[in-house]
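These notes are about the structure you will find just below.
We did not get these values from a lab; they are worked out from the coordinates using the rules stated. Predicted model, so just to flag it, every value in this text is computed and none were measured. All Cβ positions, even for glycine, are placed from backbone atoms using ideal geometry, and neighbour counts span all protein chains on display.
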Amino acid sequence: MASSRRYAELHLHLEGCIDVETLSELAPQLDPAIVSKRLTFDDFSGFLECFKFAVMQLQTPEDYRLLAKRAFAKLAAQGIVYAEVIHSAGICLWRKQDAHAIAEALIEEGRRAPLEIRWIFDAVRQMGGAHAMQVAELTAKYCGKDVVGFGVGGDELGCPSSDLSPAFRFARDHGLKLIPHAGETSDAQNVWEALELGANRIGHGIRAVDDPNLMAELAKRAIPLEICISSNAMTGAVASYQAHPAKRLFDAGVPIVLNTDDPAFFRTSMDQEFAHASRLGFTSDELEEIRLNAFRFACCETPPASPDGYPLQTTA
């Protein structure tokens, strides 16, 4: 059923859109029962294994193209009119795939999508600073070709931020926005380090709630946190849906946007994420502000027009 709302989504992993049906197309030799079991998890480490299993089924640029096509159709059905999609380019480099051919296939498929697509290319933090620089160089090659951001995901404690700093400077100097994951499963210090790296937005960032000074700084700089309620609850990053700190962050003045993160794995949608937020105590007006935040804080050079005609601005 199509959503009646219109959304922008800013934290969405392409590889996290691989559902059982798409995997059956990509790897028809796999037993569907085994696939379903491998896409089930109980904690964050189990989720990472699930993600790894799904990604390993992507072999060619055409595989990535098929995944993107299937994912974009589902996004449009949810009422998403604009999405900044995270592509794990670092994993492609690590697997010694043709990362350039894959990037070009994704950009081309994005231009065919029934919604507006921009791309963020992600490095894998625990693979180190030299790896991050490789991904930054790859990302910079496509800046201006629908690729708008550079990020780092993976183990938040897997590499010192000082080792990542050259890659982030390179990406910024080549016109890319900086969108690191931070403070999802680690601590508030990890979010401070993301700010020091020059983050324009922060993926998750929920542990900022543990540091009032950090929340004040995020509010002062208007640095949005990309909040993913289902993701955090299902991976154990928070104890339960009810324990999620999104409302406390919002009440402290921190800009937030709501996202599905890996919708196939977390079996969620934007409507469901907003329903979870409502149960956390957000009012209708606050939820509308959050919905519009995703258009305000889009990191493309020309921000998408809000479906409501709302005056928008990009991140600083």
Segment 76-135 - convex hull of alpha carbons, volume per residue in Å³: 87 Å³
Descending semi-axes in Å of segment 1-67, equivalent ellipsoid built from Cα gyration tensor: 22, 17, 13
Likely footprinting exposure, 244, 204, fewest C-beta neighbours within 10 Å first: 244, 204
Helix-only CD estimate at 222 nm, as mean residue ellipticity for the chain, using -39500 (n - 2.57) per DSSP H run (n ≥ 4): -13500 deg cm²/dmol
GNM top mover of 233, 182, 130 - the chain, alpha-carbon springs below 10 Å: 130
Rounded to whole Å, sorted largest first: equivalent-ellipsoid semi-axes of segment 123-224, Cα gyration tensor: 23, 15, 10
Lysine pair count for the chain [Cα-Cα under 17 Å; pairs on different chains or 8 or more apart]: 4
Over the chain, relative contact order from alpha-carbon pairs under 8 Å, at least 6 apart, %: 17 percent
Residue exposure sequence - 119, 192, 94 - by fewest surrounding Cβ within 10 Å: 94, 192, 119
Pair residue 25, residue 126: separation of 7 Å Cα→Cβ label points (nm): 3.1 nm
Gained length - residue 241 relative to residue 279, 0.36 nm times residue gap less alpha-carbon distance: 12.8 nm
For segment 1-121: span of alpha carbons on each principal axis (Å, largest first): 35, 34, 27
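Please pull out the direction-averaged projected area of the chain, using the convex hull of its alpha-carbon atoms, in nm² to one decimal place.
14.4 nm²
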